[in-house]
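Only one structure is covered here, and it is reproduced in the block below.
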Amino acid sequence: MTQDELKKMVGWAAVEYIKPDMVVGVGTGSTVAHFIDSLATQKHLIKGAVSSSVASTDKLTALAIPILDSNEVDGVDIYIDGADEFNPDLMMIKGGGAALTREKVIAAMAKQFIAIADKSKQVDILGAFPLPVEVIPMARAYVARELVKLGGLPEYRQNVVTDNGNVILDVHNLKILDPIELENKINAIAGVVTVGLFAIRAADIVLLATPTGVEKLTAKKP
Ligand code: 5RP
């Protein structure tokens, strides 16, 4: 199976979790694009979708799925999103599609967070995928120097402006042994809007696409 076939399989598997009257958080990316296709089959049943990016809003709108403003809902019943990497605790690196800030807000609002991923995203230790950090433009060089002090090699993502008008630093060379500690440290740097580590609020479930089917993973109990 190709990677896109795996993404499609897991994107469509996620729709099983959508129930009537839900407010559905919708992530961003190529796996989520398949989920949005499957969500269109439920569009008359759900209250609506809270979108994490302009790109996802455009696709939801094209399929006539009702959009809800994040400020006009009390919460999100379920959030479906992709991942760039996830570990056995279902902590993730996200933000390859530069939508990490809105994704993190919706994850925080969500009662249940389901990540959809193919096998290539599964790791023991996070960090091989460069860690995205969204930064306000005037703080870019300062934040980059602070990230070097943490052992990273930040690279400015050229020609990318986020939906919030900010820039992205992709941090290479990290072996993230304590994801919660690193998330807190990077959050504390002035000028950082969001770090793409989803460790404090990890996924509740990962739906993992494999050539033999979709596996449901839950975090190991401590
Ligand atoms: C966007 C994200 C995506 O969920 C992540 O990059 C995975 O994308 P894809 O499904 O295209 O592999 O975090 O900011």
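Summarise the accessible area of the chain (1.4 Å probe, protein heavy atoms) by the percent that is carbon and sulfur. Mind dumping the intermediate values first?
Working: 5510 of 10220 Å².
After summing per-atom areas, the C and S share lands at 54 percent.
The coefficient of translational diffusion for region 57-118, derived via Stokes-Einstein from the alpha carbon Kirkwood radius under 10 °C and 1.306 mPa s, stands at 123 µm²/s. With a sphere of radius 9 Å drawn around the Cβ of Glu85, what net charge do the other residues whose Cβ falls strictly inside it have (Lys, Arg +1; Asp, Glu -1)? For residues surrounding Glu85, the net value is +1. Across region 187-204, computed HN-Hα scalar couplings (Karplus, 6.51 cos²θ - 1.76 cosθ + 1.60, θ = phi - 60°) run 4, 7, 7, 4, x, 7, 8, 7, 9, x, 9, 10, 10, 5, 10, 8, 6, 7 Hz from first to last residue, x flagging Gly and Pro. According to the square roots a ≥ b ≥ c of the eigenvalues of the Cα gyration tensor, what is the shape class of region 69-193, taking rounded for a/c under 1.5, prolate for a/b larger than b/c otherwise, and oblate for the remainder? Here region 69-193 falls in the oblate category.
Quick one: order Thr162, Thr57, Thr212 from most to least accessible surface, probe 1.4 Å. Don't skip to the end; give the middle numbers.
Numbers: Thr162 10, Thr57 45, Thr212 135 Å².
Listed by decreasing accessible area, they come as Thr212, Thr57, Thr162.
Between Lys175 and Tyr156, the modelled labels are 3.0 nm apart [label points 7 Å from Cα along Cα→Cβ]. Dividing the alpha-carbon radius of gyration of the chain by the rule-of-thumb value 2.2 N^0.38 Å gives 0.98. The label point for Leu217 and the one for Glu16, both projected 7 Å from the Cα toward the Cβ, are 1.7 nm apart. By the helix-only formula, in which each DSSP H run with n ≥ 4 contributes -39500 (n - 2.57) and the sum is divided by residues, the chain has a 222 nm mean residue ellipticity of -8000 deg cm²/dmol. Annotated for region 95-210: lysine pairs at least 8 residues apart or interchain, Cα distance under 20 Å, count 7.
The values are calculated or read from the model by the stated rules, or taken from the named source; none is laboratory data. These numbers come from a predicted model, not from an experiment. Because the Cβ atoms are built from the backbone with ideal geometry, glycine has one as well, and the counts that use them run over all protein chains shown. Side chains included, ligands, DNA and RNA excluded: accessible areas come from the protein's heavy atoms. Shrake-Rupley method; radii C 1.70, N 1.55, O 1.52, S 1.80 Å.
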